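Read through the structure below, which is laid out as structure tokens, and then see the notes.
Taken together, the values in this text are just the output of simple stated rules run on the coordinates, not laboratory data. Here the structure is a predicted model, which is why all the values come from computation and not from measurement. Cβ sites come from the backbone with ideal geometry, for glycine too, and all protein chains shown count toward neighbours.
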């Protein structure tokens, strides 16, 4: 009886962990893009135009957890091009989270 209860507790704990992982994955994805944007902005502030290879690898590693549909927006190139594409990745994540989200910069139509 105690062994059955322990098995049940373990199953529930595993299930809860999976639910929590899914619940918080979007926040982790957004945090990853924010971190990468910070790295790229630091390069911009130092007037670095060509993306250093080490940073490209670091970015790929940090964003590896993101879904493929978001990563499809990611492009290589200069620091500014990568920065712009990470903003697009972030926009994709925001749209996925809230499909009714307005486009950034769009005006509400009066009527």
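General remarks:
- Every helix of 4 or more DSSP H residues in the chain counts as -39500 (n - 2.57), and over all residues that averages to -23500 deg cm²/dmol at 222 nm.
- C-alpha long axis of helix 53-62 to longest principal axis of the chain, angle in °: 30
- Here the Gaussian network model covers the chain, with springs between Cα atoms less than 10 Å apart; of 23, 95, 60, 23 fluctuates the most.
- Rounded tilt (10° steps) of 2-45 against the dominant C-alpha axis of the chain: 10
- Max mean-square fluctuation residue, GNM over the chain, Cα-Cα springs under 10 Å, options 19, 66, 51: 19
- Packing order of peptides 37-49, 77-89, highest average first: 77-89, 37-49 (average count of other Cβ atoms within 10 Å over each peptide's residues).
- Net length gained if the chain between residue 1 and residue 19 were fully extended (0.36 nm per residue, minus Cα distance): 3.8 nm
- Nearest-0.05 FRET efficiency for residue 28 and residue 81, computed from C-beta distance (R0 22 Å): 0.30
- Shape call, the chain: gyration tensor on alpha carbons, a/c limit 1.5: oblate
- Placing a label point 7 Å from the Cα of residue 47 along the Cα-to-Cβ direction, the residues of the range 60-86 whose backbone N falls under 19 Å of that point are 78-81.
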